[in-house]
1. Could you tell me which of the residues Asp40, Asp27 is among the acidic types (Asp, Glu) and more than 23 Å from Arg56 (Cβ to Cβ)?
2. Looking only at residues that are modelled with pLDDT of 95 or more and outside any strand (DSSP E or B) in the stretch 1-29, which one is surrounded by the most Cβ atoms within 10 Å (Cβ to Cβ)?
3. Which ones in the stretch 54-82 are surrounded by fewer than 10 Cβ atoms within 10 Å (Cβ to Cβ) and either in contact with a helix residue (DSSP H, G or I) (Cβ under 9 Å, 6 or more places away or on another chain) or within 29 Å of Ala13 (Cβ to Cβ) (or both)?
4. Within the set of pairs 6 or more residues apart or between chains, which connect a residue that is without any contact (Cβ under 8 Å) to a residue 12 or more places away in the chain inside the stretch 24-39 to a residue that is outside any strand (DSSP E or B) with Cβ atoms less than 6 Å apart?
5. Quickly run through the stretch 34-53 and pick out the residues that are touching a strand residue (DSSP E or B) at 6+ places or on another chain (Cβ under 8 Å) and surrounded by 11 or more Cβ atoms within 10 Å (Cβ to Cβ).
Amino acid sequence: MTWDFHFALRKGASAQVVAGATRFVRDAQGLVIDHRDYWDACDFYATVPVLGAVVRRLKKAAATAAWASQETKRLRRVSSGH
């Protein structure tokens, strides 16, 4: 199941949304015996004043590093003739 968590950090502040998903495990009678929620905490922390700037900078650096790693692998394949 997917869901959106709508919240505001303080009264009158703009609404924020964090997307998430929940996994359920049911028993033979259909009752939920376990569940786990999945969501990106960075999406929440990025909305917190001061901390948000740090989180956004870290996410951008991580995305840049991931892209650079993929590009390096691609260039190695191209240069080796594969």
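The values are calculated or read from the model by the stated rules, or taken from the named source; none is laboratory data. Being a predicted model, the structure only gives us computed values, none of them experimental. Note that each Cβ is placed from the backbone with ideal geometry, even for glycine, and that neighbours are counted across all protein chains shown.
1. After ruling out the rest, the residue left standing is Asp27.
2. Looking at residues that are modelled with pLDDT of 95 or more and outside any strand (DSSP E or B), I get Asp27.
3. Listed by number, the list holds a single entry, His82.
4. Sorted first by the residue in the stretch 24-39, then by its partner, the pairs are Ile33/Asp27.
5. His35, Asp37, Trp39, Asp40, Asp43, Phe44, Thr47
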